[in-house]
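This report concerns only the one structure given below.
Just so it is clear, none of the values below were taken in a lab; they were calculated from the coordinates. Remember, predicted model here, so these are calculated numbers, not experimental data. Virtual Cβ from ideal backbone geometry, glycine too; neighbours counted across all protein chains shown.
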Amino acid sequence: MKKTVAIILAAGKGTRMGAQVAKQYLEVDGRPLLYYTIKAFEESNIDEIVLVVGKGEEGYCKEKVADRYAFTKISHIVEGGKERYNSVYEGLKVAGECSYVLIHDGARPCLTSELINETLQEVKEKKACVVGMPVKDTIKVIDSRGQVVDTPERSTLMITQTPQAFDYSLIMQAYKKLFTTEDINVTDDAMVVETMLEQKVFMVKGDYQNIKVTTPEDLVVVRQFLKYVE
Ligand code: CTP
Ligand code: MG
């Protein structure tokens with residue numbers, strides 16, 4: 001049986017957070033956010049972890065995160081790219097021949113090993129699945145002037161989280177095709193599969209605590225959520 005791999009993305013700059021360091025290195029209870037993210041995967045059924053980091057941050061990440069906390073599943077630490085999809089592709093290339101791959105935002109440190117295991121279970125059946133939760137607010141579609149043009153039925157809307165899990169050859173095929181197109185405009189991995197292949201993507205129940213740390217107020221709640229993690 002081929003191995004399962006998690007690609008953890010930590011090559012972003014954290015512009016919207018506006019901190020001195022990239023948000024994945026901000027500390028909660030003396031440990032970087034990235035520690036909590038990796039820990040969940042380390043304790044899950046995933047076989048290997050590929051860490052995608054910013055240019056020149058490989059050494060720092062190895063010393064301050066991988067070695068410092070003695071993680072055993074990290075197989076590669078590689079440099080990411082300009083956009084998130086470039087970083088994903090770098091991760092996919094080093095993941096090599098594996099059965100399934102879970103792609104996760106390093107900036108979502110509150111996921112549980114249970115959620116990872118459930119996603120892994122689902123992808124074996126569905127080939128492409130993403131984690132998400134029902135939208136709580138009413139969503140409006142607006143035009144460039146701010147005028148409301150549509151109010152989609154709320155019960156059909158889901159917020160999309162990560163992990164996003166795929167059959168490895170399927171996601172590789174989708175990404176390879178993506179890079180042959182012009183004007184790439186994708187915001188998650190599922191969208192690459194949805195637009196490049198005729199493959200159905202399924203949603204798995206996520207967790208409202210599995211938020212992405214994006215702006216400073218997110219850090220306040222993440223601190224609470226991480227309170228009981230060792
Ligand atoms: N990411 C990445 N490579 C990029 C851009 C983003 O690996 N070129 C990662 C981030 O590190 C993060 C995840 O993708 O874990 C989600 O991206 P986002 O929340 O947008 O993070 P940043 O790009 O760092 O933040 P911002 O957009 O505010 O600059
Ligand atoms: Mg970004």
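In the Gaussian network model of the chain, springs joining C-alpha atoms below 10 Å, which of A22, A40, A70 carries the largest mean-square fluctuation? Largest GNM mean-square fluctuation: A70. With contacts taken as Cα pairs under 8 Å at a separation of at least 6 residues, the chain carries a relative contact order of 23 percent. Each peptide in 154-163, 46-55 receives the mean, over its residues, of other Cβ atoms within 10 Å, and ordering these scores from highest gives 46-55, 154-163. Sorting M1, M17 by the number of Cβ atoms found within 10 Å of their own Cβ, with the fewest placed first, yields M1, M17. Note on R154 and K205: the extension gain reaches 16.7 nm, defined as 0.36 nm multiplied by sequence separation minus the Cα-Cα distance. Using the Cβ of V5 as centre and a radius below 11 Å, the other residues enclosed give a net charge of 0, where K and R count +1 and D and E count -1. Residues of the range 147-186 with the amide nitrogen closer than 15 Å to a label point 7 Å from the Cα of V135, along Cα-to-Cβ, please. Residues 148-161 qualify, since their backbone N sits under 15 Å from the label point. Taking the fewest neighbouring Cβ atoms within 10 Å as the starting point, the ordered list for V148, V21 is V148, V21.
For the chain, the mean residue ellipticity at 222 nm estimated from helices alone is -9000 deg cm²/dmol, where every DSSP H run of n ≥ 4 contributes -39500 (n - 2.57) and the total is divided by all residues, rounded to the nearest 500. Each DSSP beta bridge with both residues in the chain is either parallel or antiparallel, and the antiparallel ones are about 40%.
Using the Cβ-Cβ distance between D143 and Q20 with R0 set to 35 Å, the FRET efficiency works out to roughly 0.40. If you plug the beta carbon distance of M1 and N185 into 1/(1 + (r/R0)^6) with R0 = 25 Å, you get a FRET efficiency near 0.10. Placing a label point 7 Å from the Cα of E43 along the Cα-to-Cβ direction, the residues of the range 93-125 whose backbone N falls under 16 Å from that point are 109-118. Residues H104, H76 in ascending order of nearby Cβ atoms (within 10 Å, fewest first): H76, H104. Modelled label positions at E230 and D218, each set 7 Å beyond Cα in the direction of Cβ, lie 2.8 nm from each other. If you take the Cα centroid of the range 148-172 and the Cα centroid of the range 205-230, the two points sit 20 Å apart.
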